[in-house]
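Read through the structure below, which is laid out as structure tokens, and then see the notes.
The values are calculated or read from the model by the stated rules, or taken from the named source; none is laboratory data. All values derive from a computational prediction rather than experimental measurement. Glycine also receives a Cβ, built like all others from the backbone with ideal geometry; neighbour counts cover every protein chain displayed.
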Amino acid sequence: MKIQICLLTSILLFSCSEKKDDSGKSDGSGKTDYSSTIIAEDPTEEELKKELSESELEKISNVTSMSFDKTVHDYGKVIVDTDNKAFFTVTNTGTKPLIIENVAASCGCTTPKKPEKPIPPGKSDRIEVVFHPRDGQLDAQEKSVTVSANTDSKMEVLKIKAFVLPK
């Protein structure tokens, strides 16, 4: 323990002593003049392009953002073995075209349909979700639809809810 304290004290004493190095000048007052120090700037776009592969650049340059009018839809009470449609409006809130790559449901009773064309910046389109409950799905149900797109988060999860009644 004593050795550790002595070592720590030595390190502190040496690190606090006045030094003169390439990064600044000492005037003897304990202050260092850094006015001639060169500070590295952020890399330029050209420098970044040299460092990144083409596929990495393409991923970065095509990233946009999206928002939804809602992330949960409650059908309320529905009858078993019926088609129940819901629509989620997706808006491209970024500056690049929004490409909905995939929409996937958590259950075979839910069928989502994605927009086929890219959505331009500032424009909207709809994702249709059809919920078709079966006999074994009575009472409260909650399912999810995962939306994959060229956005920072890559995926968003939409939810549907229903209370399924028998025929």
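Can you list the strands (runs of 3 or more DSSP E) found entirely within the stretch 80-150 that contain at least 1 residues being small (Gly, Ala, Ser), closer than 29 Å to Leu165 by Cβ and touching a residue at least 60 places away in the same chain (Cβ under 8 Å)?
Ranges flagged: 84-92.
Sort out which residues of the stretch 139-167 are among the aliphatic types (A, V, I, L, M) and modelled with pLDDT of 95 or more, and write them in order of number.
Ala140, Val145, Val147, Ala149, Val157, Leu158, Ile160, Ala162, Val164, Leu165
What residue, among those in the stretch 68-99 that are of a type in the set (A, V, I, L, M) and more than 12 Å from Ser124 (Cβ to Cβ), is surrounded by the fewest Cβ atoms within 10 Å (Cβ to Cβ)?
This residue is Ile79.
Can you name the condition, by its number, that Glu116 falls short on among (1) in contact with a His (Cβ under 6 Å, 6 or more places away or on another chain); (2) farther than 16 Å from Lys70 by Cα; (3) not small (Gly, Ala, Ser)?
Exception for Glu116: condition (1).
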